[in-house]
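Okay, structure first, notes after.
The values are calculated or read from the model by the stated rules, or taken from the named source; none is laboratory data. Since the model is a prediction, treat every value here as computed from it, not as a measurement. Note that each Cβ is placed from the backbone with ideal geometry, even for glycine, and that neighbours are counted across all protein chains shown.
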Amino acid sequence: MSSCAPATGPACTPAKAKARTQLAADAFPPSATAARSRLAAVRPADYARSRNHLNGAVTGLSPYLTHGLLDLAETVAYLRARHRLPLTHKLVQELGWRAYFQHSWRQRGEAIFHDLHPGPLPQAAYDRTLPADLRRGATGVPVIDQAVRTLYATGYLHNHARMWLASYTVHVRKVHWRAGADWMYAHLLDGDLASNHLSWQWVAGTGSAKPYLFNAENVARYAPPEWHSAGTVIDTSYAALDALAHSPQRHGAEPGAHAAVEEPALFTAPPDADGSPPDAKAVAGRSVWLVHPWSLADPPADALPLAVLDAHWHARWPWSARRWAFVVARMRAITPLLWMAPAAEITAALRAAAQVRGWYNPHLSDPAWAALRLPLPPSPFAEPARACRSFSAYWTHVLKRTPQADLPQGVLFDD
Ligand SMILES: Cc1cc2nc3c(=O)[nH]c(=O)nc-3n(C[C@H](O)[C@H](O)[C@H](O)COP(=O)(O)OP(=O)(O)OC[C@H]3O[C@@H](n4cnc5c(N)ncnc54)[C@H](O)[C@@H]3O)c2cc1C
């Protein structure tokens, strides 16, 4: 998560940077083969050296991890075995952030959607809606407008770009982190309520000791030229930014007219394909494997795969057409059986099955899912029994309790 990057990353030449920061819209095919290829292509040494640069050797694993095409424990085991990585390696630690946010969500539940503790200003100092210029990528601050365009065009943003966008939104525009988090979540292909909302809180200072701030010099070091933002509101010292974060003073868009982009539409159900209502007869007496948006790996051969979409959950958390296409295409590749309905109706129909197997995920938050008693996938790290209030407390526990020398033998699949 840290923004204190080594100053030794690759030079941001415009051509190289374009290749990485303007990912093709189809950069993440929704298939198990694509997920495995991404994993096989990871270069941990380059990652550790360059990950803070927008054109650095980041992995692009997040859409596959979020949607369960890659299992976190298997991913960590594979990377550690193949590259002989200790737990202290930067890449393993970053995967640890993902596990930590999941840990926090399990421990704190719905509380993660509210300020975990007071931030630099009282809640009333922040607006509850995003300004139209920000939504349309027309703030006149190039780093912000580029980030918004990239988010809309690809559904993916580099971690640094997410931090910049969140910090500007909260501390310069004085928008409450929750409004920004909900908006970004909806457009991300890898949107994960724990990683996303808790990262926004980390930036806002309601989930961390201090607000995350950045200036134009920081952008110039890590981003390609078209992102540089000299002469804008962020072209100032950290002391001035800290004073701004602690003052109710807000800034608007930069003066002058700025090119705008249209925000993609959001949908509470798949725009092109519709699931059918639950049908108990289709599963009667069968051993069912539950396929859901956070569990899109290949199902076991001995089960009837059933894909499900919880209509109430999706009404609360809309997605972009790109994300729907990713999830539904993968579901359709696994099974012709796709039900979309409230969780209670799906679980009622599933009572006709002989057995229901699958993996639990905290996004299955409707209490009706609990009746299925699905287990959580195993964690790659020794999980603390009690809530850790900071990543460092969590990671200290992990480093102490997860066997360092326990490098798994062999690889999990051919690559
Ligand atoms: C404001 C904000 C919002 C975010 N929203 C999400 C989200 O909705 N879903 C999501 O998966 N991640 C989120 N992240 C975390 C991180 O930005 C992404 O996981 C990462 O950029 C995904 O790209 P990658 O796979 O190329 O990452 P890499 O840098 O290659 O990292 C490898 C993997 O490590 C994990 N990881 C790396 N950094 C973090 C981090 N800071 N927090 C948690 N896990 C991390 C991810 O699983 C990632 O796939 C957010 C971060 C911020 C600052």
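Numbers for the structure displayed
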{"read-out": "Some residue of segment 166-175 being part of a loop (DSSP other than H, G, I, E, B) and surrounded by 19 or more Cβ atoms within 10 Å (Cβ to Cβ)", "value": "yes"}
{"read-out": "Condition met for PRO211 (more than 19 Å from LEU157 (Cβ to Cβ) and over 21 Å from the mean Cα position of the chain (by Cα))", "value": "no"}
{"read-out": "Counted residues, segment 72-109 - those being more than 24 Å from TRP200 (Cα to Cα) and not basic (Lys, Arg)", "value": "14"}
{"read-out": "Any pair with Cβ under 6 angstrom, 6 or more apart, that starts in segment 93-107 at a residue that is within 15 Å of ASP71 (Cα to Cα) and in the same structural domain as ALA45 (by TED's automatic domain parsing) and ends at one that is of a type in the set (S, T, N, Q) and more than 9 Å from the ligand (Cβ to nearest atom)", "value": "ALA99/SER379"}
{"read-out": "Filtered residues of segment 368-398 (kept if free of Cβ contacts under 8 Å to residues at least 24 places away in the same chain and farther than 29 Å from ARG80 by Cβ)", "value": "ALA370, ARG373"}
{"read-out": "Candidate set: segment 90-113, residues that are among the small types (Gly, Ala, Ser) and under 17 Å from HIS397 (Cβ atoms); chosen: the one surrounded by the most Cβ atoms within 10 Å (Cβ to Cβ)", "value": "SER104"}
{"read-out": "Condition met for MET340 (touching a strand residue (DSSP E or B) at 6+ places or on another chain (Cβ under 7 Å), within 20 Å of ASP190 (Cβ to Cβ) and surrounded by 15 or more Cβ atoms within 10 Å (Cβ to Cβ))", "value": "no"}
{"read-out": "Residues within segment 176-193 that are within 8 Å of the ligand (Cβ to nearest atom) and surrounded by fewer than 21 Cβ atoms within 10 Å (Cβ to Cβ), tallied", "value": "2"}
{"read-out": "Entirely in segment 45-112, the helices (runs of 4 or more DSSP H) that have 3 or more residues that are near the ligand (Cβ under 8 Å from one of its atoms) and of a type outside the set (Lys, Arg)", "value": "62-66, 90-108"}
{"read-out": "Members of segment 276-302 that are touching a residue at least 40 places away in the same chain (Cβ under 8 Å), surrounded by fewer than 19 Cβ atoms within 10 Å (Cβ to Cβ) and among the aliphatic types (A, V, I, L, M)", "value": "ALA280, ALA282, ALA284"}
{"read-out": "Residue among THR139, THR154, THR129 that alone is more than 9 Å from the ligand (Cβ to nearest atom), β-branched (Val, Ile, Thr) and closer than 24 Å to TYR64 by Cα", "value": "THR154"}
{"read-out": "Exclusive hit being near the ligand (Cβ under 10 Å from one of its atoms) and small (Gly, Ala, Ser), set SER199, SER229", "value": "SER199"}
{"read-out": "Count of residues meeting criterion [surrounded by fewer than 24 Cβ atoms within 10 Å (Cβ to Cβ) and outside any loop (DSSP other than H, G, I, E, B)] in segment 135-149", "value": "3"}
{"read-out": "Complete set of residues in segment 220-251 that are in contact with a His (Cβ under 6 Å, 6 or more places away or on another chain) and not in a loop (DSSP other than H, G, I, E, B)", "value": "ALA220, TYR222, ALA245"}
